[in-house]
1. Among the candidates Phe155, Phe134, single out the residue that is among the aromatic types (Phe, Trp, Tyr), touching a residue at least 24 places away in the same chain (Cβ under 8 Å), open to solvent by 10 Å² or more (accessible area, probe 1.4 Å) and closer than 25 Å to Lys82 by Cβ.
2. Among the residues of segment 206-254, what is the count of those that are within 13 Å of Cys185 (Cα to Cα), charged (D, E, K, R) and not in a helix (DSSP H, G or I)?
3. State all residues of segment 97-107 that are in a loop (DSSP other than H, G, I, E, B) and closer than 16 Å to Leu147 by Cα; if no residue qualifies, say none.
4. Quick check, is Arg165 free of Cβ contacts under 8 Å to residues at least 40 places away in the same chain, out of contact with any helix residue (DSSP H, G or I) (no Cβ under 8 Å at 6 or more places or on another chain) and farther than 25 Å from Ile32 by Cβ?
5. Among the candidates Gly222, Gly190, Gly171, Gly182, single out the residue that is on the phi > 0 side of the Ramachandran plot and either more than 16 Å from the chain's Cα centre (by Cα) or in contact (Cβ under 8 Å) with a residue 60 or more places away in the chain (or both).
6. Given the conditions (1) farther than 29 Å from Arg188 by Cα; (2) in a loop (DSSP other than H, G, I, E, B), and given that Leu149 satisfies all but one, which numbered condition is not satisfied?
7. Would you be able to say whether some residue in segment 169-186 is of a type in the set (D, E, K, R) and open to solvent by 10 Å² or more (accessible area, probe 1.4 Å)?
8. Checking Ser129 against (1) small (Gly, Ala, Ser); (2) open to solvent by less than 40 Å² (accessible area, probe 1.4 Å); (3) part of a helix (DSSP H, G or I), which test does it fail?
Amino acid sequence: MHLALNTFVYEVGKVPIEETLQSTVKFGFKYIDYAAYHSGDPTLMNAGQRDRVKKFFRDNGLYPSQMLLANTENIASPDKAKRIETLDHIKRCSEFQLELGGKQVLICWGCGLHETVMMPEQAWLNTVSSIREFAQWGLDKGILIDLELDPHVYFIVNDTVKMARVIEDIGMPNVFPNVDVGHLCITREGPERLEKLKERILHVHISETDTYEHTNSIIGSGNADFRAYIDKVLALGIEENCKQWQEPCVAGIEMGEPGGEVDDPDRWIRESLEYIGKILPELTI
């Protein structure tokens, strides 16, 4: 299993994407979990900026192991126009992921939000319909769609049972569960709860928690038991799953929260790598 750098920590630290990518090379990363957020959002870039990012990936042998579709909070909205706008946005981002040379994209925000003006059952149907439409659009393009489990009551997919159910209801072969260690620690779902998802696990997020809040802080500063979850996904066959779909087996370091503060992204990465090197030395950059 390889270790990837998630660019979100730099976006929270207000570092432009081109400068961020230079840091990835400095640290020696090959695999990049690319956050389509702020300066990294390809829909906000001009053609020259997009071309420079693509060239940097090619020239430095970088592989976009996952693109985080950060602006997906309206994917289940009761407003049809907002759902359509969200689908258009994530399709444009996914096209950029293909141009970078990658295939995996992540639907963030727990696959959508519950709203007081909408029954939970309708929110579920909206999520299933939106993601199925996206998956159908991306199937012949080779796009692999990871789904995020977010650990709070207002997210539509907030535990592994709902994750398994939503994948079944969507009913598309290119839809997979993302395994976020910090999220699972908050929901009190131990590694054994991943058994129901074992044949579809392709990607892992290494993120921190204080056991109540998804802090997304420096790895090693919280209470997440990374060793237990990494051992479990390996035992469940994540490497074989990735080979089947011709993807590298990757765990991405995820840090930084929207609206939060990151004083020095390079320091956060450096300290996280030191900790990971002690507890998971087999994860290679």
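1. Values: Phe134 fails: open to solvent by 10 Å² or more (accessible area, probe 1.4 Å).
Testing whether each residue is among the aromatic types (Phe, Trp, Tyr), touching a residue at least 24 places away in the same chain (Cβ under 8 Å), open to solvent by 10 Å² or more (accessible area, probe 1.4 Å) and closer than 25 Å to Lys82 by Cβ leaves just Phe155.
2. Residues meeting the conditions: 4.
3. Initial filter on segment 97-107 (in a loop (DSSP other than H, G, I, E, B)): 101-103.
Within segment 97-107, just Lys103 meets the criteria.
4. Working: free of Cβ contacts under 8 Å to residues at least 40 places away in the same chain: yes; out of contact with any helix residue (DSSP H, G or I) (no Cβ under 8 Å at 6 or more places or on another chain): yes; farther than 25 Å from Ile32 by Cβ: yes.
Taking the combined requirement at face value, the residue satisfies it.
5. Working: Gly222 fails: on the phi > 0 side of the Ramachandran plot; Gly190 fails: on the phi > 0 side of the Ramachandran plot; Gly182 fails: on the phi > 0 side of the Ramachandran plot.
Sole residue among the options that is on the phi > 0 side of the Ramachandran plot and either more than 16 Å from the chain's Cα centre (by Cα) or in contact (Cβ under 8 Å) with a residue 60 or more places away in the chain (or both): Gly171.
6. Leu149 satisfies all of (1) farther than 29 Å from Arg188 by Cα; (2) in a loop (DSSP other than H, G, I, E, B) except (1).
7. yes
8. So Ser129 meets the others, but not (2).
The values are calculated or read from the model by the stated rules, or taken from the named source; none is laboratory data. Values in this document were obtained by computation on a predicted structure and should not be read as measured data. Glycine also receives a Cβ, built like all others from the backbone with ideal geometry; neighbour counts cover every protein chain displayed. Protein only, heavy atoms only, side chains kept; ligands, DNA and RNA dropped before computing areas. Shrake-Rupley method; radii C 1.70, N 1.55, O 1.52, S 1.80 Å.
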